[in-house]
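These notes are about the structure you will find just below.
The values are calculated or read from the model by the stated rules, or taken from the named source; none is laboratory data. For clarity, every value in this text was computed on a predicted model and none was experimentally measured. Glycine gets a Cβ as well: all are built from the backbone with ideal geometry, and neighbour counts include every protein chain shown. Just so you know, the surface numbers come from the protein's heavy atoms only, side chains and all, with ligands and any DNA or RNA stripped out. Shrake-Rupley method; radii C 1.70, N 1.55, O 1.52, S 1.80 Å.
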Amino acid sequence: MTTLLYDGSFDGLFTAVFEVFEYRYKDVDITSRERFHQENIFAEIHEVITQTEKSERVLNRLEQNIGKQGVYKLLKVFLSEDPGLENLILSAVRQSIKHLGENILENFADNNILQISKICKSVDRERHRMTAFVRFEKMQDGIFFAKIDPDFNVLPLIRKHFNDRYQDQKWMIYDLRRNYGILYDLENCEFFYPDEKLDFSQYQQKFHDEENNYQTLWQRYFTKTNIVERKNLKLHIQHVPKRYWKYLTEKW
């Protein structure tokens, strides 16, 4: 078996896929350098150098074969961070070439395609919940800041939603688990990558006075409007799972 090692990026992965076909590899495994653990000292290692031209050639061919929505599904598989994502994507690419003109991502009789479908549904649920449960807090510098800790790397999937919805204020969304975020400055909406993890030890001390007042008022409102006799915790958790409560001011 040949193991292709890439840098963990989207372009890096599709460069690796290109080189599987370029070098006519049959029995292969694609994995990021970060996750690689060599168990067989005699295994053949192929080091992939990310090349945008190669990546784009694969993506353009994929778009012709499975459409933009198909490519978008494979992006969600990549963002899922599933341990087997690289080889699931490689399988889809191979099938798209072998079965031209067919919607191979609907062939649920194939285990890899079925797994891709399941991953996409899970990522979609997380994306939807992030758009619903993200809470911004106004900081002393006037920027509205939100912390998230999603199961999947969904920031690229929610960027457009927040960019379209909040165009009249500066805001940031920061992924605690992956140490990067999105910054909107009234003109541009860009990803940012701090050199070190942000320090939240004195986070609440950096709140704007308006934010403290707002949170107090909101918590009082929630308490006053809550009808104890109609409380249905099981139904509530079904719609708002406990792991999202940390985002909600009324749950603090």
- Two-site FRET efficiency, R159 against D209, from Cβ-Cβ distance with R₀ of 30 Å, rounded to 0.05: 0.50
- Query: Percent of accessible area on region 62-101 owned by carbon and sulfur, 1.4 Å probe?
  - Reply: 54 percent
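Note the full-extension length gain between N103 and Q51 as 0.36 nm times their separation in residues minus their Cα-Cα distance, in nm to one decimal.
Numbers: separation 52, 0.36 × 52 = 18.72 nm, distance 2.80 nm.
Difference between extended and current length: 15.9 nm.
Taking R0 as 45 Å, what's the FRET efficiency between K242 and E22 from their Cβ-Cβ distance, rounded to 0.05? The partial results should precede the final answer.
Numbers: r = 48 Å, r/R0 = 1.07.
With R0 = 45 Å, the Cβ-Cβ based efficiency is 0.40.
Just list whichever of K76/K138; K73/K118; K147/K206; K138/K197; K54/K160; K121/K160 have alpha carbons separated by over 22 Å in the model shown.
K76/K138; K54/K160
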- Item | Approximate spin-label separation Y193-D151, in nm, with each point projected 7 Å along Cα-to-Cβ | 2.7 nm
- Run through the DSSP bridge list for region 78-181 and note the antiparallel percent, rounded to the nearest 5. 45 percent
